[in-house]
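Take a look at the structure set out below.
Bear in mind that the values in this text are calculations on the coordinates, not laboratory data. Every value quoted in this text rests on a predicted model; they were computed, and no experiment measured them. Heads up, the Cβs are rebuilt from the backbone with ideal geometry, glycines too, and the neighbour counts pull from every protein chain shown.
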2 protein chains.
Amino acid sequence: MGLRERKKEKTRLTILDTALDLFLEQGYESTTVEQIAGAVDVSPRTFFRYFTSKDHLALWFHDHGEEIMLAALESRPADESPFSSLMHALRALVSDLEESTPEESARFLKLRRLLEDNPRLTGQSVARCARTEELLAAVVAARRGTDPADDRLAHLIVAFAMSTLRVGLECPRREGSLPEVTERMAETIALAERSLRPGWDLG
Amino acid sequence: MGLRERKKEKTRLTILDTALDLFLEQGYESTTVEQIAGAVDVSPRTFFRYFTSKDHLALWFHDHGEEIMLAALESRPADESPFSSLMHALRALVSDLEESTPEESARFLKLRRLLEDNPRLTGQSVARCARTEELLAAVVAARRGTDPADDRLAHLIVAFAMSTLRVGLECPRREGSLPEVTERMAETIALAERSLRPGWDLG
DNA sequence: TAATCTATGTCAGCGCATGACACATGACAA
DNA sequence: TTGTCATGTGTCATGCGCTGACATAGATTA
């Protein structure tokens, strides 16, 4: 990895961390892009080259999480039931969180607090999850040998799985250290698995 | 209802219908608020007094749907299991759709097409649903005698129910007359009910 | 009719976001 | 090392969404 790429990655994280601190300090709405850019000493224009929007900052982890889930799902055996595979993908997400560096953990917890304080961002977060749902549904439909646009069961399977993820991460929203969050996430996965009829996702 | 109120309601619907037609004709992004306001012959400022944002236009039905679901949920017997009550609330939504006037139906179908063509709006729609989820979760938690902020099962129940709603309405997205949509919705509700273990939501 | 309320228009301004262009700095081969 | 190319960055200009403040015209009530 060349100097260029390393520098870019560093700038991206600097922007993110700086913005996060500003948000938590003085509020999301009352922090302008100009201000963030100024604090990192880049032009506002450059900010938008790293993050497509101000909201995008808050959804940073979603990009990463999506990759993890997709990779985990693809790596599951093809004959495993779709919902089980998705639950394993969720567990992969939890593992990734548990193995994250202190910096990453700190970022994650800050992001979580940010979302908690800003309903609008929570909404954006859910919307971002919906995009992930589309991708996952396509994979599940492929495994089922159906057309993703038609396969209602595939969508329902994925929607239930993503519901599990959201509830596990967001409920209860307040506080919580990283181990507490991952622990709750694991519990929620177990709860979801207990709640559904065995084989319901094989229709 | 005085002249004032009637006129307001009429203006609101005129704005909505005009905007909807403009959107479908020339695209959502490339239609400006100024243009919509011009077409209805009101000032842009007035537009924002009727709709809090341009996106709000596309989420118009959500406000209505939310009311229906909440009312239906409240009217269910307190000893019914939460998920069953929610499924009844969904059926109430379907009934409302079936009984809607031709104008309302047309609006609904146009909105659906609009959402289909604009992923960003689909996202906003999901985000709006998340807000409804919060309200429903509070009601369910109240029935269960728990703190809504803590009750993960309550959130999971509601999330599963809203997943059912979304999948039923959006999958498949393309085309579809109103009877087709309501029929698919009914099927999806039945599918969800079949998929879950009886009594799973009573823990 | 007079007194009030309220919906609307006007104006001014902020913040987010994007395209175009010029410049500088890292990458890479001769 | 040096020259060339690719790419990241700043500057400038602009458009659009959205909001506050204030004045006015029209509806409402007495």
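Okay, here's what the table says:
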quantity: Likely footprinting exposure, B:171, B:129, fewest C-beta neighbours within 10 Å first; calculated: B:171, B:129
quantity: At R0 = 45 Å, FRET efficiency that the Cβ-Cβ distance of residue B:117 and residue B:193 yields, to 0.05; calculated: 0.90
quantity: Computed magnitude of the charge dipole of chain A (debye, nearest 20; Cβ of K, R +1, Cβ of D, E -1); calculated: 360
quantity: Test item: Cα-centred dipole of the protein assembly as shown, Lys/Arg +1 and Asp/Glu -1 on Cβ, debye; calculated: 680
quantity: Formal net charge of residues neighbouring residue B:64 (Cβ-Cβ distance under 12 Å; K, R +1; D, E -1); calculated: -3
quantity: Centroid-to-centroid separation of segment B:9-25 and segment B:27-47 [C-alpha atoms, Å]; calculated: 10
quantity: Residue order, fewest to most surrounding Cβ atoms within 10 angstrom, among B:36, B:68; calculated: B:68, B:36
quantity: Compactness relative to 2.2 N^0.38 Å, alpha carbon Rg of segment A:140-200; calculated: 1.37
quantity: Debye, to nearest 20: dipole size of segment B:115-203, +1 on Lys, Arg Cβ, -1 on Asp, Glu Cβ; calculated: 120
quantity: Amide H partners (placed H, <5 Å) of residue A:196, local residues excluded; calculated: B:197
quantity: Span-rule helices in chain B, defined as complete DSSP H runs reaching 15 Å or more along the axis (Cα) with Kyte mean at least -1.0; calculated: B:3-26, B:60-74, B:82-98, B:102-117, B:119-144, B:152-170, B:178-195
quantity: Per-residue [θ]222 nm for chain B (sum of -39500 (n - 2.57) over DSSP H runs n ≥ 4, rounded to 500); calculated: -25000 deg cm²/dmol
quantity: Greater than 21 Å apart at Cα, pairs in A:110/B:54; A:54/A:110; B:7/B:110; calculated: A:110/B:54; B:7/B:110
quantity: Equivalent ellipsoid, chain B (semi-axes from 5 times Cα gyration tensor eigenvalues, Å); calculated: 33, 19, 16
quantity: Quarter of Cα convex hull surface for segment A:58-126, i.e. mean projection, nm²; calculated: 5.0
quantity: Environment charge of residue B:47, counting only residues whose C-beta is closer than 10 Å and scoring Lys/Arg +1, Asp/Glu -1; calculated: +2
quantity: Packing-based exposure ordering (other Cβ within 10 Å, fewest first) of A:9, B:104, B:133; calculated: A:9, B:104, B:133
quantity: Rg/Rh (Cα only; Kirkwood hydrodynamic radius) as it applies to segment B:108-165; calculated: 1.12
quantity: Segment A:1-79: translational diffusion in µm²/s, Stokes-Einstein, Kirkwood Rh over Cα pairs, 10 °C, 1.306 mPa s; calculated: 112
quantity: The protein assembly as shown - convex hull of alpha carbons, volume per residue in Å³; calculated: 172
quantity: Distance between modelled label sites at residue A:9 and residue B:7, nm, 7 Å Cα→Cβ extension; calculated: 6.4
quantity: Under 15 Å, Cβ to Cβ, from residue A:7 - net charge with Lys/Arg +1 and Asp/Glu -1; calculated: +3
